[in-house]
Amino acid sequence: MTQPQSNVTDRRVALTRYTPFFYGWAVVFAAGSTMFVRNAAATLTIAVFVFPMSEDLGWSRTLIVGAAAAAGVVSMFISPIAGWVLQRYGARVLMASSVFILGAVILSLRWTTNPISFYLLFGAGRLMFQAPLQIGGSTAVAQWFVRLRGRSSSILGVSHSLGMGLFPLFAQLFMNANDGDWRMAWFWMGISVWILALPLTILVFVNKPEDVGLTPDGDISMPDKEGGKVIKTAAEKEENWTLKEAIRTPAMWTLAFVGGLVYFIHTGVNIHQAAFLQDHGISASIAASALTVMAGGTALGSILWGNLLDKLPVKLVYSLTAAWLGSMALLFLLVTTPVMAFTAALLFGIGLGGLLVVPPVAVAHYFGRGSLGAIRGATEPFVSGGQAIGAVGAGLIYDYSGSYEATFPTFTAAAAIAILLLVFTRRPKKGPKTT
């Protein structure tokens with residue numbers, strides 16, 4: 001097979017020729033930078049600002065964290081638009097513009113004086129976190145890799161985990177360096193977003209390998225020495241579905257609903273974990289440290305599940321991820337000591353690493369690269385919905401029962417439903433039969 005003709009005439013074509021390794025890994029690095037900086041708008045990051053902002057502005061803590069919840073609801077409607085932009089203009093345009101907007105709104109929080117401006121600014125940053133940056137990076141990597149899609153996607157999970165653990169630390173360090181001024185901390189956080197990710201998204205990102213005369217994974221089809229037939233690459237074997245075709249298959253809606261279920265578990269545990277641990281006699285500092293341990297587990301899990309995706313059937317790995325999350329959620333009910341708190345957080349974090357890698361790879365595996373951006377945009381609202389229901393649902397259970405005890409069995413039940421749906425899911429085929 002001959003190499004595809006380049007559709008891009010800028011310096012990136014020359015860059016791919018002189019890169020001493022497959023250029024897809026440079027795209028992974030650039031995408032990883034966006035996954036890292038998106039944590040400037042993470043819930044763990046805003047947690048650092050809740051106390052100083054509430055003290056300085058006289059706002060309630062509920063009002064401050066409510067900006068993240070409100071953006072989560074809005075993102076259900078933004079995700080399809082992000083998917084359309086991704087499909088129409090490619091990952092480079094979507095990611096560069098999203099990183100620019102994220103940095104701009106985060107640094108502009110320095111000048112916020114009222115709840116409306118805060119909700120508009122942080123809400124916009126949170127939308128970048130949940131829609132375009134969530135979809136864009138993983139879709140770009142899926143365009144460049146098919147055979148090594150799991151392994152390459154796992155690097156994105158590690159990048160997000162590092163940002164999850166480090167950006168709250170950055171926020172506190174910036175605050176300390178400016179005599180506790182939370183406004184300057186927001187400003188330098190926004191500048192950091194631009195410095196760390198904007199050059200890479202503009203200069204390195206290439207939407208797909210065919211744009212620069214390359215092929216996914218760097219593979220080239222070769223003739224079979226024995227049979228004389230051409231051995232197709234993994235990318236050539238993959239079927240490509242349009243959004244219109246995909247929405248007619250049960251598989252797309254099953255994957256969308258399963259994504260909502262597993263993220264229902266993810267957010268329900270994440271948001272309420274610290275409060276639950278403190279209810280069980282764990283100190284606030286230990287509970288906060290457990291979140292950092294969980295971030296470390298997420299990084300480990302990203303590598304574990306990503307490598308499994310390249311060796312085992314996607315459906316099996318997805319089912320194992322859901323089973324891990326559901327069973328590890330129950331561990332929190334046994335926590336009575338700091339060691340047990342760290343253990344539960346670490347093990348649950350390993351499951352969370354799977355969520356960063358497995359669902360996007362599953363969609364790409366089932367429907368190919370052709371319209372992946374649009375299909376991801378159509379399925380992502382289910383993820384946002386699951387996150388919103390998980391956060392609110394766990395809170396409602398606590399409000400009505402006075403305890404989180406019933407929430408964790410609920411998460412396990414959600415995992416069981418997800419596994420059951422996956423068992424009966426079949427990868428669609430463009431023909432009379434499905435396998």
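Let me check against my output: what whole-number percent is the relative contact order of the chain, with C-alpha pairs under 8 Å and at least 6 apart?
24
Measuring from a point 7 Å past the Cα of Thr113 along Cα-to-C-beta, which residues in the stretch 55-72 have an amide N at less than 14 Å?
Output list for this probe position: 57.
In cubic angstrom, how much convex hull volume per residue do the alpha carbon atoms of the stretch 379-435 span? Before the final figure, lay out the partial values.
Values: hull volume 4.6 nm³, N = 57.
About 80 Å³ per residue, rounded to a whole number.
State the extension gain, in nm to one decimal, for the chain segment bounded by Leu203 and Thr19, taking 0.36 nm per residue of separation less the distance between their alpha-carbons.
Working: separation 184, 0.36 × 184 = 66.24 nm, distance 1.37 nm.
That pair, Leu203 and Thr19, stretches by 64.9 nm at full extension.
Kindly state, to the nearest 0.05, the FRET efficiency for Val339 paired with Asn307, given R0 = 30 Å and r defined as their beta-carbon distance. Show your work: numbers first, answer last.
Details: r = 28 Å, r/R0 = 0.95.
Efficiency, rounded to the nearest 0.05: 0.60.
In nm, to one decimal, how far is the Leu420 label point from the Phe29 one, both placed 7 Å along Cα→Cβ?
So the label points at Leu420 and Phe29 sit 4.8 nm apart.
Determine the alpha carbon to alpha carbon distance for each of Lys208/Lys430; Lys208/Lys315; Lys315/Lys429; Lys244/Lys430; Lys311/Lys430 and list only those over 18 Å. Please report the intermediate quantities before stating the final value.
Numbers: Lys208/Lys430 24 Å; Lys208/Lys315 26 Å; Lys315/Lys429 15 Å; Lys244/Lys430 13 Å; Lys311/Lys430 25 Å.
The pairs that break the limit, which is 18 Å between Cα atoms, are Lys208/Lys430; Lys208/Lys315; Lys311/Lys430.
Identify which of Ser97, Ser54, Ser289 has the largest mean-square fluctuation in a Gaussian network model of the chain, with springs joining Cα atoms closer than 10 Å.
Ser54
So what is the 222 nm mean residue ellipticity for the chain from helices alone, if each DSSP H run of at least 4 adds -39500 (n - 2.57) and you divide by all residues, rounding to the nearest 500 deg cm²/dmol? Show your work: numbers first, answer last.
Details: 17 runs with 323 residues, N = 435.
Rounded to the nearest 500, it is -25500 deg cm²/dmol.
Can you list the trypsin sites (Lys or Arg not before Pro) in the stretch 268-377 that are in a DSSP coil and have 14 or fewer other beta carbons within 10 angstrom?
Numbers: sites: Lys311, Lys315, Arg369, Arg376; in loops: Lys311, Arg369.
Hits after loop and neighbour filter: Lys311.
Grab the other residues whose beta carbon is less than 13 angstrom from that of Leu316, score K and R as +1, D and E as -1, and report the net. The partial results should precede the final answer.
Numbers: positive: Lys311, Lys315, Arg427; negative: Asp310.
Computed value for this residue: +2.
Considering the convex hull of the alpha carbon atoms of the stretch 1-142, report its projected area averaged over all viewing directions, in nm², one decimal.
Values: hull surface 41.7 nm².
Its Cα hull, projected and averaged over all orientations, spans 10.4 nm².
Hey, for a label at Gln278 modelled as a point 7 Å past Cα toward Cβ, could you say which residues of the stretch 50-78 have their backbone N under 17 Å away?
Under cut-off, by backbone N: 50-55, 60-66.
Can you tell me the order of 256-264, 13-21 when each peptide is scored by its average per-residue count of other Cβ atoms within 10 angstrom, highest first? Walk me through the intermediate numbers first.
On the way: 256-264: 24.1, 13-21: 12.0.
The most tightly packed comes first, giving 256-264, 13-21.
Using a Gaussian network model of the chain with C-alpha springs under 10 Å, which one of Leu196, Leu133, Leu312 is most mobile by mean-square fluctuation?
Highest fluctuation among the options: Leu312.
Taking the simple approach of a point 7 Å from Cα along Cα-to-Cβ for both Arg183 and Ser60, what is their distance in nm?
Taking the two extended label points, one gets 2.6 nm.
May I ask for the Kirkwood hydrodynamic radius of the chain, worked out over all distinct Cα pairs and given in angstroms to one decimal? Can you show the working numbers first?
Details: mean 1/r = 0.0451 Å⁻¹.
Kirkwood hydrodynamic radius for the chain: 22.2 Å.
With only alpha-carbon atoms counted, please give the Rg and Dmax of the stretch 235-423, in Å.
So, for the stretch 235-423, Rg and Dmax equal 17.2, 56 Å respectively.
In the chain, which whole DSSP H runs stretch at least 30 Å along their own axis (Cα) and average 0.5 or higher on the Kyte-Doolittle scale?
On the way: long enough: 61-89 (40 Å, 1.16); 149-177 (41 Å, 0.59); 182-203 (32 Å, 1.43); 250-279 (43 Å, 0.79); 284-309 (37 Å, 1.35); 338-367 (44 Å, 1.74); 372-401 (43 Å, 0.57).
Answer set is 61-89, 149-177, 182-203, 250-279, 284-309, 338-367, 372-401.
Run the numbers for Ile220 and Phe51: contour at 0.36 nm per residue of separation, minus the present Cα-Cα distance, in nm. Could the numbers behind the result be given before it?
Working: separation 169, 0.36 × 169 = 60.84 nm, distance 5.61 nm.
Once the chain is fully extended between Ile220 and Phe51, it gains 55.2 nm.
Quick note: the coordinates plus some simple rules give every number you see, no bench work behind them. Just so you know, these numbers come straight off a predicted model, no measurement behind them. Cβ coordinates were reconstructed from backbone atoms using ideal geometry, including for glycine residues, and neighbour counts include every protein chain displayed.
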